Amino acid sequence: MNLPRFLLPAVLLFTGLSSLQAQTQPTDIRYSISMNNPANHYIHVEMECENIRNNGLNVKMPAWTPGYYWLINYAKNVVNFRAKTATGKDLKWSKTNKNTWYIAAEGGKVTVSYDLYAFSQSVADAWVDTGFAYLPPAAVFMHPDGALQQASTVKVTPYAGWKQCYTGLNPLPGKDFTYTASNFDELYDCPFLLGNQYSTAKTINNIPHRLVLQDTAGIDVPGFFSDLEKMIKSANTLMGHVPYKHYTFLIMGEGRGGLEHRNSTAVFSGGPYGKKDSDSYKRWLNFLAHEYFHLYNIKAIRPIALGPFDYDKENYTNMLWVSEGFTVYYEYLILNRAGILNRQDVYNMLRSDIAAYENSPGHLFQSATASSFDTWLQFFNHNPNTAVTTISYYNKGCALGLLLDLKIRHETRNKKSLDDVMRHLYKEFYQEKQRGFKDEEFRQVCENIAGVKLDEIFDVYATTTAPIDYPKYLAYAGLEIDLTPGKAFPVVFDKTGSQKNLAIKDMDKMNELQTAINKSWVKN
């Protein structure tokens, strides 16, 4: 997940491991959604479940969507809940907690129906009006309790005059606007965009990629898609593998943030900002590179707490400084290697992230691991207290990714780098073990590749608020950083009373190893 920092701060899936009670297990789950009057901002949902026993059925609405670490509690948008038998007889039901409905089923088929309020323009919320509909599935579809591993089909009936439906789900052959999901992790990972959007496609690395734009005004579409192609090839080359059979970029209008998926990216942003090669355009591409690289770093390489998911409550991890912060770091490297960002662009962007962390009074109070764990409480709940006592794991994680990369390059005499860590994690935990990594396993991989213990990074910089020795680490690549205090910073908690400039530049003189690292790390 990403909130644009320039605005605001073959699908392989890991199936759920929830135990499945025999009396509630459906063998077929079929959904249909419609929006006959989108001006009222409601969509209608029906769910059919087969082979239900007569001792009841629990259905649940997710409380959050993966990648957006906040309990949105989608059940709040549900109205007109009903349940019927195959013959149309109403079934008694009761709500047993905030997101669970118990249905006194009589066996056979049960049809659940409800209306859903959809009028929040965010990548994590459902939206419908007369122009288009954006439907993140966790915000739309209930599931039978214990059935997260069950397959399902979704039949979409677009509003009259709408001709397109875009989603990462595979279409059901011979059925218009009908899609299949092998389990609920796949279903909840594939948003729907409906309307009459502009779309174009091209084959990249022998895989189809589609670009969908809500509005093309002022956009050089061929040039923009060409830059996306360069970014995609750069990321694929880095990781050495492509984990999807098709990919779609869903780019909508003004709203909140971006959200990664295994074979798509959904963003509300308004489109590319500024002219090609401008700073604003480059930041826009950073934003998309961030979401794209998440298909490797968090959808594949992930903390063990983040999948299989518990959709009812918080899924806590200490490692978002890696999952999000390292993704920030790699958005810069990927675009640099793609020839879109130059060396000075990378320096400026790293400086911006480091400065954002160092000039935040929260760096005196909160560590990177604590920021990761407490994101459920703090990231979307800004107040005068959090403004001065918290940090962003995006910013500090990026800084720590930089330090770790340069440390590995230095200790291995530039034979290894953070790239090798990412590729190893991808192969061992995603491709071979098919699970997430434990905190200690991540550290062990880093230390094995570096060939040394990394106590300072993991035991000090990641888990405490101790000052970071930037000059030592940046010197490994022949870089200097200006720590001279600048203008006054009017926050009572800042001990220095001033901001750090933190400008990064090449040293005038470098030894052989520094030169080698400098030249291989970031291109001119």
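Looking across the stretch 103-137, the residues that are of a type outside the set (V, I, T) and touching an Asp or Glu at 6+ places or on another chain (Cβ under 9 Å) come down to G108, K109, S113, Y114, A118, F119, Q121, Y134, P136, P137.
Sort out for me the strands (runs of 3 or more DSSP E) sitting completely within the stretch 1-119 that have 3 or more residues that are modelled with pLDDT of 95 or more and within 29 Å of the chain's Cα centre (by Cα).
On the way: elements: 29-34, 42-52, 57-60, 78-85, 93-97, 100-103, 108-117.
Here the list reads 29-34, 42-52, 108-117.
Yes or no, residue by residue, for (1) farther than 30 Å from D508 by Cα; (2) surrounded by fewer than 20 Cβ atoms within 10 Å (Cβ to Cβ):
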{"position": "E432", "(1), (2)": "yes, yes"}
{"position": "G436", "(1), (2)": "yes, no"}
{"position": "E441", "(1), (2)": "yes, yes"}
{"position": "A450", "(1), (2)": "no, no"}
{"position": "D455", "(1), (2)": "yes, yes"}
{"position": "D469", "(1), (2)": "no, yes"}
{"position": "E480", "(1), (2)": "no, yes"}
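The requirement of being more than 23 Å from S323 (Cα to Cα) and modelled with pLDDT under 95 is fulfilled nowhere in the stretch 258-267; no residue meets it. Please work out if D185 is assigned by TED's automatic domain parsing to the domain that holds M142 and assigned to a loop (DSSP other than H, G, I, E, B). Criteria not met by D185.
Kindly indicate which of E324, E314 is buried (at least 24 other Cβ atoms within 10 Å of the Cβ) and under 21 Å from I391 (Cβ atoms). Just one listed residue meets the conditions, E324.
If you check A105, A126, A160, which single one turns out to be within 19 Å of G253 (Cβ to Cβ) and in the same structural domain as V45 (by TED's automatic domain parsing)?
Details: A105 fails: within 19 Å of G253 (Cβ to Cβ); A160 fails: within 19 Å of G253 (Cβ to Cβ).
Among A105, A126, A160, only A126 is within 19 Å of G253 (Cβ to Cβ) and in the same structural domain as V45 (by TED's automatic domain parsing).
Which residues, taken from the stretch 101-119, are surrounded by fewer than 16 Cβ atoms within 10 Å (Cβ to Cβ) and at negative phi? Before the answer, list the steps.
Quick first cut of the stretch 101-119, residues surrounded by fewer than 16 Cβ atoms within 10 Å (Cβ to Cβ) only: 104, 107-108, 113, 119.
Those that are surrounded by fewer than 16 Cβ atoms within 10 Å (Cβ to Cβ) and at negative phi: A104, S113, F119.
Could you go through the stretch 470-485 and let me know if any residue there is within 22 Å of G240 (Cα to Cα) and assigned to a helix (DSSP H, G or I). Give the derivation first.
Keep residues of the stretch 470-485 that are within 22 Å of G240 (Cα to Cα), which gives none.
No, the stretch 470-485 contains no residue that is within 22 Å of G240 (Cα to Cα) and assigned to a helix (DSSP H, G or I).
Could you say whether any residue in the stretch 236-243 is assigned to a helix (DSSP H, G or I) and either at pLDDT below 95 or within 20 Å of C165 (Cα to Cα) (or both)? No; the residues of the stretch 236-243 include none that is assigned to a helix (DSSP H, G or I) and either at pLDDT below 95 or within 20 Å of C165 (Cα to Cα) (or both).
Within the stretch 373-419, which residues are polar (S, T, N, Q) and either assigned to a helix (DSSP H, G or I) or not assigned by TED's automatic domain parsing to the domain that holds N359 (or both)? Outline the logic, then answer.
Pass one, the stretch 373-419, residues polar (S, T, N, Q): 375, 378, 381, 383, 385-386, 389-390, 392, 395, 412, 414, 417.
Within the stretch 373-419, T375, Q378, N385, T386, T389, N395 meet the criteria.
The values are calculated or read from the model by the stated rules, or taken from the named source; none is laboratory data. In this text, all values refer to a predicted model and were calculated from it rather than measured experimentally. Neighbour counts run over all protein chains shown; Cβ positions are idealised from the backbone, glycine included.
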